[in-house]
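Read the structure below first, then the notes.
The values are calculated or read from the model by the stated rules, or taken from the named source; none is laboratory data. From a predicted model like this one, the values you see are computed outputs, not experimental measurements. Cβ placement follows ideal geometry from the backbone for every residue including glycine, while neighbour counts extend to all protein chains displayed. Please note that ligands, DNA and RNA were not included when accessible areas were found on the heavy atoms of the full protein model with its side chains. Shrake-Rupley method; radii C 1.70, N 1.55, O 1.52, S 1.80 Å.
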Amino acid sequence: MQGQQIHSQDFSWPFWPALPIYPYGRRKTICQEVVKDTVWTFDQLQGIFYVVVPIRMTVVKLDSGGLLIYAPVAPTLECVRLMKELVEKHGDVKYIILPTISGLEHKVFVGPFARRFPSAQVFVAPSQWSFPLNLPLSWLGLPAKRTQVLPQECSKTPFAGQFDYAILGPVELGLGRFAEVAFFDHRSRTLLLADSVVSIPKDPPVIVEFDPYPLLFHAKDYATDQVENTPENRCKGWQRICLFAMYFQPSVLEVPKWGEIFRNAFKAADRSKKAYFGLFPFQWNPEWKQSFDALRGEGRLFVAPVLQALILNRSPKETLEWADRVAGWDFQRIIPCHFDSPIKADSQQFRQAFSFLEKQPSISTGWFGTRTYPLPEIDFKLLREIDTSLNKYGIVPAPKEKI
């Protein structure tokens, strides 16, 4: 979709202080048609300390005319213009779905997006909450007269003829809760997910390469490096970003002592604010590439390590029941809200991603003949330590036994 001529203000997002993460007040949107005249994705970018990953909205054409939105992104001028191109051709936005209860990066855009499309009904996952105060949805910017909670049974919704959905959770986490609503579009055989399952692309997605600075920042080996903008270096930076995003601190990453960090900062070629004044608190082991290859596993589906170690292991039985229900749908592609998309995958591959919750997980073969194995336990070290500390001080409940 080419749209009209793009101006810098088209990327502007003035409400970024509500969620002050990169790229702050400037958000590029890329629209991709996944299924002709039926399914589209809208990718933007988000990150902390230049650990940037895609955040994705999915648009599905309704059989009755009009559009359903799953997990809205920031409605910048560019995003709204791209949406209006679809509206002109396929009808107005009828339904907006918030499929999570804890993901601020999804929740914060629902109200502003709904105001751009005032005739749309808003449906949200049950058991919504906010911190530090549990506020009404209308206080969080969602339109009170047009917002309702998704019922447990999809048959009670106005879009039941085309979609089915399954609600995971809420998983109780002490201070908060986790939930996700998987949507299945029968017409296009497409499964829509928020955060539960991801697949890592080898090369950086298009939306990430729009501004290569974060990629080049993480491609550095030392604070003094000046990294050339090449495809190889962008790929190197992306793969390290994936390790950061998945594990926080993988086994192949060491953090130097602060004295060394500050000494190296004074030697840095770029000591601007954009470069964090030369601070580069990372030291990668030579084996980092093998760690990425083990994470990616030739594009396999997996549950993010944070969810494995800190969230879904609090509710293994309910999670596996949800995964079994979703695996019963006849989908041929998956569109998650982060990382790779669309993913060509079947129900067996999806279900295999949750085998970490089983005492005797089966090892299966996917469509491409690849064997799927657990993620390396060594890279979970920091997450396990966080889990132990949170449980020790009673902040979160203890993990439950595997099924």
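Please compute the net charge surrounding ARG325, taking Lys and Arg as +1 and Asp and Glu as -1 over other residues with Cβ under 12 Å from its Cβ.
-3
May I ask you to give the percent of accessible area on the chain that is carbon plus sulfur, with a probe radius of 1.4 Å?
Carbon and sulfur: 54 percent of the exposed surface of the chain.
Rounded to the nearest 500 deg cm²/dmol, what is the calculated helix-only ellipticity per residue at 222 nm for the chain, with -39500 (n - 2.57) per DSSP H run of length n ≥ 4?
That calculation yields -7500 deg cm²/dmol at 222 nm.
With a point put 7 Å past each Cα toward its Cβ, work out how far PHE49 is from GLN360 in nm, to one decimal.
Result for the modelled spin labels: 4.2 nm.
Which of the GluC sites (Glu not before Pro) across the range 118-220 are loop residues per DSSP, with 12 or fewer other Cβ within 10 Å?
Answer by residue number: GLU153.
Could you tell me which residue out of ALA71, VAL53, GLY25 lies farthest along the dipole of the range 6-86 toward its positive end? Charges go on the beta carbon: Lys and Arg +1, Asp and Glu -1, centred on the Cα centre.
Working it through, the farthest residue towards the positive pole turns out to be GLY25.
Once phi is turned into ³J(HN,Hα) by the Karplus curve 6.51 cos²θ - 1.76 cosθ + 1.60 with θ = phi - 60°, what whole-Hz value does each residue of the range 184-190 show in order, with x for glycine and proline?
So the Karplus estimates, Gly and Pro as x, are 10, 8, 4, 5, 9, 6, 10 Hz.
If amide hydrogens are placed 1.01 Å from N in the peptide plane, which non-local residues have theirs closer than 5 Å to the one on ARG333?
Those lying under 5 Å, H to H, from ARG333 are LEU191, ALA345.
Rounded to the nearest 0.05, what FRET efficiency is calculated for LYS392 and ASP203 with R0 set to 51 Å and r the Cβ-Cβ distance?
0.80
For the chain, modelled as a Gaussian network with Cα springs under 10 Å, which listed residue fluctuates most, ARG300, ARG384, ARG333?
ARG384
To the nearest 10 Å², what's LEU137's accessible area with a 1.4 Å probe?
50 Å²
Net charge near ALA275: determine it from the other residues with C-beta under 12 Å of the C-beta of ALA275, scoring Lys and Arg +1 and Asp and Glu -1.
Summing Lys and Arg as +1 and Asp and Glu as -1 gives +2.
Gaussian network model of the chain, Cα springs within a sub-10 Å range: biggest mean-square fluctuation belongs to which of PRO256, PRO205, PRO72?
Judging by the Gaussian network model, the answer is PRO256.
Scan the range 99-194 for trypsin sites (Lys or Arg not before Pro) in coil per DSSP, keeping those whose Cβ has at most 14 other Cβ atoms within 10 Å, and list them by number.
ARG189
When DSSP beta bridges are limited to those with both residues in the range 65-209, what percentage is antiparallel, rounded to the nearest 5?
50 percent
For every other residue with a beta carbon closer than 12 angstrom to the beta carbon of LEU45, add +1 if it is Lys or Arg and -1 if Asp or Glu, then tell me the sum.
With Lys, Arg at +1 and Asp, Glu at -1, the neighbours total 0.
Got a sec to turn the phi values of the range 235-244 into Karplus ³J(HN,Hα) couplings, 6.51 cos²θ - 1.76 cosθ + 1.60 with θ = phi - 60°, whole Hz, x for Gly and Pro?
My calculation for the range 235-244 gives 5, 4, x, 4, 5, 5, 4, 4, 5, 4 Hz in order.
Within the range 9-87, report the trypsin sites (Lys or Arg not before Pro) that DSSP leaves as loop and that have at most 12 other Cβ atoms within 10 Å.
Here the sparse-neighbourhood loop sites are LYS36.
Sequence-distant or interchain residues sharing an amide H contact under 5 Å with VAL124, placed H: which?
Result for VAL124 returns LEU98, GLN148, VAL149, LEU150.
Quick one: what are the phi-derived ³J(HN,Hα) couplings along the range 159-170, Karplus 6.51/-1.76/1.60 with θ = phi - 60°, whole Hz, x for glycine and proline?
10, 5, x, 10, 10, 10, 8, 9, 9, 8, x, x
Which cross-chain or sequence-distant (5 or more) residues have an amide H under 5 Å from the amide H of VAL34, H modelled 1.01 Å from N in plane?
VAL39, TRP40, THR41
What nm value, rounded to one decimal, do you get for the distance between GLU88 and ILE378 when each label is placed 7 Å out toward the C-beta?
With each label point 7 Å from Cα toward Cβ, the separation is 5.6 nm.
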